[in-house]
1. Only one of these conditions is not met by Q163: (1) open to solvent by 80 Å² or more (accessible area, probe 1.4 Å); (2) under 23 Å from Q211 (Cβ atoms); (3) among the polar types (S, T, N, Q). Which number is it?
2. Cβ contacts < 9 Å: first residue surrounded by fewer than 11 Cβ atoms within 10 Å (Cβ to Cβ), restricted to the stretch 340-351; second residue in a strand (DSSP E or B), any location; separation 6+ or different chain. Result?
3. Can you find even one residue in the stretch 134-144 that is free of Cβ contacts under 8 Å to residues at least 40 places away in the same chain, more than 28 Å from the chain's Cα centre (by Cα), farther than 25 Å from I92 by Cα and open to solvent by 60 Å² or more (accessible area, probe 1.4 Å)?
4. Any idea which of (1) more than 20 Å from Y447 (Cβ to Cβ); (2) open to solvent by 80 Å² or more (accessible area, probe 1.4 Å); (3) without any contact (Cβ under 8 Å) to a residue 60 or more places away in the chain is the one V360 doesn't satisfy?
5. Specify which of the listed residues (E131, E121) is open to solvent by 10 Å² or more (accessible area, probe 1.4 Å) and farther than 23 Å from V240 by Cα.
6. Check G189 against each of (1) within 28 Å of S158 (Cα to Cα); (2) open to solvent by less than 30 Å² (accessible area, probe 1.4 Å); (3) at pLDDT below 85 and name the one condition it does not meet.
7. Under the condition of being open to solvent by 70 Å² or more (accessible area, probe 1.4 Å) and touching a strand residue (DSSP E or B) at 6+ places or on another chain (Cβ under 8 Å), which residue from the stretch 192-212 is modelled with the lowest pLDDT?
8. Please find, within the stretch 363-386, the residue that is modelled with the highest pLDDT out of those that are open to solvent by 50 Å² or more (accessible area, probe 1.4 Å) and among the β-branched types (V, I, T).
Amino acid sequence: MPEPGAPAPGSQEGERQRRAPADAEPAPAGVLDKLFGRRLLQAGRYIMSHKSWMKTVPTENCDVLMTFADTTDDHTLLWLLNHIRLGIPELIIQIRHHRHTKVYAFFVTATYESLLRGADEIGLRKPVKAEFGGGTRSFSCEEDYIYENIENELFFFSSQERQNIIRYWLENLRAKHGESLHNIQFLEGQPVIPELVARGVIQQVFPVHEQRILNRLMKSWVQAICEAQPLDEICDYFGVKIAMYFAWLGFYTSAMVYPAVFGSILYTFTENDQTSRDICCVVFAIFNVIWATLFLEEWKQRGAEFAYKWGTLDTPAESIEEPRPQFRGIKRVSPVTNVEEFYYPPWKRLLFQCLVSLPVCLICLSFVFLVMLGCFELQEFVLSIKELPRLIRFLPKIALALIVTACDDVYRKIAYWLNDMENYRLQSAYEKHLIIKMVLFQFVNSYLSLFYIGFYLKDMERLKEMLATLLITRQFLQNVKEVSQPHLYRKIQRGDLSLQNLRDVSHTVFRLLAQRYTVPRPAEQEAEGAGEGPQR
């Protein structure tokens with residue numbers, strides 16, 4: 001159901017909000033700002049928090065939510081609203097405002113007929129009826145009668161498919177020649193939404209959850225114990241990538257039972273002499289080699305089954321893969337297709353990789369090495385002081401674990417920035433180079449100290465302590481981050497927690513502590529003693 005007080009999707013008030021101001025006549029800037037501001041204030045009666053948006057707005061009325069910074073002016077909102085409505089007339093947009101954070105948002109959805117045309121445009125694969133051959137095929141509006149559930153508007157598209165179509169439209173909204181917004185000059189054919197996101201005008205663009213399906217997944221997936229994962233439901237809601245990941249994770253977890261059981265049996269029946277241990281190690285190594293080979297072959301077959309079932313077995317070739325919306329370049333006529341396209345010279349990318357990406361990576365890796373050496377030197381200094389408690393001796397290791405955890409987030413942002421600046425044309429190439437950077441950063445950042453201790457210092461006891469410290473500290477920080485960060489974020493979004501509130505609480509605590517631990521002056525002590533004398 002729509003939000004309380006919100007206009008019904010088919011009502012005259014709702015249609016008037018969707019059409020205005022696209023159908024309105026041009027007006028002076030001051031009058032336009034006043035009219036637009038009044039319209040947003042009227043909508044503010046039934047505005048809720050970010051969390052409430054996600055829970056109360058069903059996907060049929062809102063598929064994608066676009067939020068703006070609190071400093072965004074009316075001219076920017078009107079410019080983008082008109083641009084979307086003129087460039088993508090299939091979309092239905094409602095404007096709403098957050099009462100506490102003063103953030104504006106566009107609630108974006110589309111009609112069923114528009115979604116059908118979008119599915120045809122992106123080549124969305126849908127299951128075919130049995131009488132027409134079964135299997136899956138790319139959707140076509142000309143033969144829409146051959147697809148299953150085509151008559152049912154509510155169940156033909158999953159929420160994830162609707163959101164993918166709308167995201168595709170939004171990301172491919174391109175600027176015309178000479179268009180500009182304030183100090184942002186758009187190139188001809190440049191994607192508008194990704195550029196505004198990069199400039200900070202748009203805070204974020206994200207799909208809205210459907211609480212009904214989330215509750216069902218919570219019962220059948222999260223709360224279910226010793227039951228098979230609902231992979232088809234996960235695929236329908238979260239998409240193929242997420243479903244394929246959890247399919248692999250479940251298969252890997254199940255496959256780990258065999259080496260765990262075999263290793264436990266070997267450990268139980270192994271004698272204490274060195275010969276028996278060596279024989280058991282060799283046997284367990286041979287078993288792991290055989291197990292790993294069978295595991296990979298079995299997953300190839302299982303992954304192919306899932307890919308065929310979910311319609312991703314035949315991925316588009318690189319020659320027909322669409323360019324990334326964020327891809328920048330100069331326009332030229334393709335020598336292959338004779339069609340206008342964006343072109344970015346490969347030598348520019350290679351030059352950036354050699355002069356920027358490679359030095360930045362080396363600097364980051366050197367920083368990790370120097371921090372590791374510094375922590376080891378501090379560890380030697382602490383160990384040289386015999387009077388210190390045992391717990392204090394772990395502080396340098398804990399400090400190194402904290403630095404490693406903090407550097408992970410920093411390196412992730414650096415990897416994304418370098419990848420964006422290298423400007424890859426295809427999404428597959430972008431993801432491949434991003435994985436290379438992330439693996440390089442995280443592998444060196446996480447395991448450099450362990451390799452240094454194990455292969456250079458060759459101190460096994462120290463290696464055990466370092467490995468345990470890294471594992472426990474990082475796991476603890478990760479759990480705290482996963483639990484506290486969403487809670488604090490929700491408090492801030494609702495307006496319950498702000499910088500002013502934190503400042504007031506800090507001042508109050510410091511004032512109470514100051515009053516409690518203030519040392520009275522001698523004159524005050526004498527006065528207090530004189531006042532207490534007669535009572536005694």
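The values are calculated or read from the model by the stated rules, or taken from the named source; none is laboratory data. Keep in mind it's a predicted model, so treat the numbers as computed, not measured. Backbone-built Cβ (ideal geometry, glycine too); neighbour counts: all protein chains shown. When the accessible area is computed, the model is the full protein with side chains, heavy atoms only, and any ligands, DNA or RNA have been set aside. Shrake-Rupley method; radii C 1.70, N 1.55, O 1.52, S 1.80 Å.
1. (1) is the only condition that Q163 fails.
2. Going by the 9 Å Cβ cut-off, the qualifying pairs are P345/I330.
3. yes
4. Single failed check for V360: (2).
5. After ruling out the rest, the residue left standing is E131.
6. Failed condition: (1).
7. Result: R199.
8. I363
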